[in-house]
Each structure stands twice: as C-alpha cells, then as structure tokens.
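Before any comments, here is the structure.
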Amino acid sequence: MHTVLKSATKTVTMGHDQPFVIIGERINPTGRKKFQELLRAGDLSTIEKDVRDQIDGGADVLDVNMGVPLTDEPALLASAIKLVQSLTDAPICIDSSVIEALEAGLEVYEGKALVNSTTGEDDRMEIIMPLIKRHNAALICLPNDETGIPMTSGERIIITEKILRAADKYGISHDDIVIDPLAMPVGAEPDSVKQTLETIHIIRERWGLNMTLGASNISFGLPNRHAINAAFLPAGMSHGLTSAVMDARTPEIVQSVRAADLLLGLDQWGGNWITRFRAQEAAKA
C-alpha cells in the first residue's frame with residue numbers, strides 16, 4: 001500500500017517497501033516565543049532558514065503549522081505554504097486543528113498534500129474527511145476518540161477500524177489514510193513504547209497501512225532525548241512504521257533512520273547511504 005504525496009514537481013511515496021519518510025517538524029511556532037512574535041508581525045523570514053536546515057538535514061516532507069494565538073491562522077497558513085513551496089520542491093504536511101486553516105492551506109497548495117490530522121471522533125471525521133476527499137489529499141488519523149487516549153494496542157486497533165469505516169463512507173482510499181499509532185512518553189509510562197510497537201505491528205499485518213508519529217513524544221521529559229529517539233525509530237521501522245514527524249536537523253536521529261533503511265532492505269546495495277555519506281564529506285571539504 002502506497003501513500004503518494006506530491007508538490008508541483010516532486011513525488012514522495014510512503015510504503016513498506018520504500019525508504020522511511022522523514023517529515024521535518026521545525027516549521028511550528030509551539031515553544032518558539034521569538035518565532036511567534038515575528039509571525040504576529042507578519043514576518044515569515046524565519047521559515048526560510050527552517051526550510052533550508054531541514055532539507056539539508058534530510059527531510060523528505062515538511063510539516064507546516066502556523067498555530068499562533070491572536071493571528072488570522074487561515075491567512076497565515078496559506079502564506080506560509082506558498083512561501084515554502086517557493087523555496088523547496090518537497091511536499092508539505094499541512095498541520096492545523098482549525099478547519100478553516102486547513103481549507104485555506106489546501107486551496108493554495110500545489111500538488112497532493114498530507115493533512116495533519118484527525119482523531120477518530122465521529123464529528124471530527126465528518127468535518128475533515130469530506131475536505132480530504134474534495135482536495136484529493138492524504139490524512140493522518142489518530143486512533144483516539146470521545147473516550148480519550150487509549151493506552152493499549154487493542155483499544156487503538158478498534159478505533160483504527162472505525163476510522164477505516166469512515167474513510168470507506170467518504171470514498172477515501174486506504175492508501176490515503178496514514179495512522180498515527182500514538183507515541184506516548186516512556187518516562188511517564190514504562191509500557192508505552194511496547195504498546196506503540198504492538199499497535200504498529202498489528203496495523204501492518206492486518207491492513208498494510210502506512211504510519212507516522214511524533215518521534216519526539218517518546219523521549220519527552222527525559223535527558224539526552226536525541227539518543228532515545230534515535231534508538232526508538234529503527235525499532236518502530238522494524239515493526240512497520242513508515243514515516244515520522246521528527247527533527248530533521250539532528251544528524252544522530254537522521255543517520256539512525258537511514259542506517260535502518262539499509263539494514264531492513266529498503267536501501268538496496270546501500271545506494272542512498274553511500275550517496276549521503278559522499279555528500280556529507282564533500283560539504284566538510
């Protein structure tokens with residue numbers, strides 16, 4: 001099963017037979033006070049550096065979130081998407097909880113976008129899924145609903161089934177449904193990673209769906225977070241994870257993913273690994 005994302009000139013494919021897709025998380029004002037202030041003033045210049053740093057680091061897709069209080073988020077998100085598409089040919093993951101912002105972003109986007117995200121709540125899916133169908137986009141879906149965030153893989157699978165039934169109802173191909181198996185902080189719940197890995201494995205075996213998650217959630221609240229994230233992602237990949245929203249500027253994490261691509265047979269003969277190594281050496285020189 002392949003989830004195909006497109007910009008005006010480039011295609012990125014998620015699949016269990018494809019290299020891991022890195023979605024750069026940086027274009028997001030959450031926790032970035034200075035960035036928020038600039039965006040309120042209409043200054044988007046920081047985005048240019050964020051795009052450059054993430055693409056140079058190895059991002060395949062860029063997440064764009066403009067959730068800044070006291071701004072016109074739909075207009076801001078549309079402007080940011082147009083700017084990003086003028087700077088790179090990487091496809092975009094349009095990230096907002098505001099339906100009007102998603103509509104504005106999809107209206108200006110050139111290509112086939114990934115939308116981040118919906119939960120399994122009936123009223124939420126009723127709003128977002130018709131929008132996805134209308135714009136021929138792909139959609140990240142989280143298996144939590146009105147009952148809250150399920151802590152076990154079994155509960156997450158039940159909600160995933162519910163999400164797929166809704167996709168069928170609105171005529172959305174399962175290729176365009178990307179499940180977020182819910183990465184919870186291991187520092188708060190020691191069993192959380194085990195449940196996430198079990199969820200990933202079951203979803204791959206039962207439906208073959210593509211999956212993504214917020215990689216940094218795993219290490220939240222712990223020291224040396226990069227090392228934890230770098231250890232988790234290859235484990236997730238071995239169970240069936242095909243993508244992650246992650247920090248593409250951190251070589252330790254990106255290298256762990258690309259090494260796992262090689263070891264799992266997703267980079268046959270090491271072509272991508274060797275090409276990347278040579279580019280890094282040339283940059284140093």
Counting only residues in segment 1-42 that are at pLDDT 95 or above and among the polar types (S, T, N, Q), the one nearest to Met246 (Cα to Cα) is identified as Asn28
The number of residues in segment 246-262 that are closer than 15 Å to Thr212 by Cα and at pLDDT below 95 is 1
The correct count of residues that are surrounded by fewer than 21 Cβ atoms within 10 Å (Cβ to Cβ) and of a type outside the set (Lys, Arg) in segment 129-139 is 4
Q: Please work out if Ser216 is within 20 Å of the chain's Cα centre (by Cα), touching a residue at least 60 places away in the same chain (Cβ under 8 Å) and surrounded by 15 or more Cβ atoms within 10 Å (Cβ to Cβ).
A: yes
The condition of being small (Gly, Ala, Ser) and in contact with a strand residue (DSSP E or B) (Cβ under 6 Å, 6 or more places away or on another chain) holds, among Gly111, Gly67, only for Gly111
Pairing a residue in segment 55-67 that is assigned to a loop (DSSP other than H, G, I, E, B) with any residue that is among the acidic types (Asp, Glu), where Cβ atoms lie under 6 Å and the two sit 6 or more apart in sequence or on different chains, gives Met66/Glu73
Scanning segment 14-49 residue by residue, the ones that are under 24 Å from Asn272 (Cβ atoms), out of contact with any helix residue (DSSP H, G or I) (no Cβ under 8 Å at 6 or more places or on another chain) and surrounded by fewer than 22 Cβ atoms within 10 Å (Cβ to Cβ) total 3
Quick count over segment 79-102, residues being crowded, with 21+ Cβ neighbours inside 10 Å, out of contact with any Lys or Arg (no Cβ under 9 Å at 6 or more places or on another chain) and either in a loop (DSSP other than H, G, I, E, B) or small (Gly, Ala, Ser) (or both), is 3
Kindly indicate whether Gly105 is assigned to a loop (DSSP other than H, G, I, E, B), without any contact (Cβ under 8 Å) to a residue 60 or more places away in the chain and either surrounded by fewer than 23 Cβ atoms within 10 Å (Cβ to Cβ) or not aliphatic (A, V, I, L, M) (or both).
no
Residue set Ser153, Ser173; condition among the polar types (S, T, N, Q), more than 17 Å from the chain's Cα centre (by Cα), surrounded by 15 or more Cβ atoms within 10 Å (Cβ to Cβ) and closer than 27 Å to Asp17 by Cα; output residue Ser153
With criteria (1) outside any helix (DSSP H, G or I); (2) at pLDDT 95 or above; (3) over 16 Å from the mean Cα position of the chain (by Cα); (4) not hydroxyl-bearing (Ser, Thr, Tyr), Leu70 comes up short on (2)
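The values are calculated or read from the model by the stated rules, or taken from the named source; none is laboratory data. On a predicted model such as this, the values are computed, not experimentally measured, just so you know. Backbone-built Cβ (ideal geometry, glycine too); neighbour counts: all protein chains shown.
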